[in-house]
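Single-structure report; data block below.
The values are calculated or read from the model by the stated rules, or taken from the named source; none is laboratory data. Since this is a predicted model, take the numbers as computed values, not measurements. All Cβ positions, glycine included, derive from the backbone under ideal geometry; neighbour counts span all protein chains shown. Accessible surface is based on the protein model in full, side chains and every heavy atom, while ligands, DNA and RNA are left aside. Shrake-Rupley method; radii C 1.70, N 1.55, O 1.52, S 1.80 Å.
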Amino acid sequence: MLKNDGIRRECVARGRTTVTVEHWESRRPAALLDEARFEELAAPLEAEDSTPDARHEAVQRLADAERSPRVTDVLLRLVARKPSLMALRILSEWGEVKAREFCQRDLAAVKPGHAADLWALTALDRRLEAWQSLARPT
């Protein structure tokens, strides 16, 4: 599952403790997409009849292609309307604390027996909480 995801990992074990360090390729600043390409990538996120898989894939493509306020706005509009773990993951990585209320809404709606969703949303909420604490004036 993790072998071909583009992330280099180093693992160290001492006794029963294992530490994994992940290294991501740094991204250089890139030009914004032209409006037509942006709209094409964002269309499945705005469409009411798009499937969860189509939205998941569209979130990945859009976030990989551009990191900008307009992408953030599209992702926030998506999570305001529908649950999307992928969109919440991207927003939490980018430090977009406005996504926290939607993450907490989705967390409260997790049905018993869906431990994977519970763990994933809890981790995202904790990350957003950390970003929020950094944004507070001291």
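Values as computed for the structure displayed
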item: Complete set of residues in the range 82-107 that are part of a loop (DSSP other than H, G, I, E, B) and of a type in the set (Lys, Arg); result: 82
item: Qualifying residues in the range 91-138 (those that are under 14 Å from the mean Cα position of the chain (by Cα) and among the polar types (S, T, N, Q)) - the one nearest to residue 69 (Cα to Cα); result: 92
item: Hits in the range 31-49 - residues which are open to solvent by 100 Å² or more (accessible area, probe 1.4 Å) and either closer than 12 Å to residue 82 by Cβ or touching a strand residue (DSSP E or B) at 6+ places or on another chain (Cβ under 9 Å) (or both); result: 48, 49
item: Candidates 77, 70, 105, 89, filtered to the one that is closer than 12 Å to residue 125 by Cβ, in contact (Cβ under 8 Å) with a residue 24 or more places away in the chain, open to solvent by 40 Å² or more (accessible area, probe 1.4 Å) and basic (Lys, Arg); result: 89
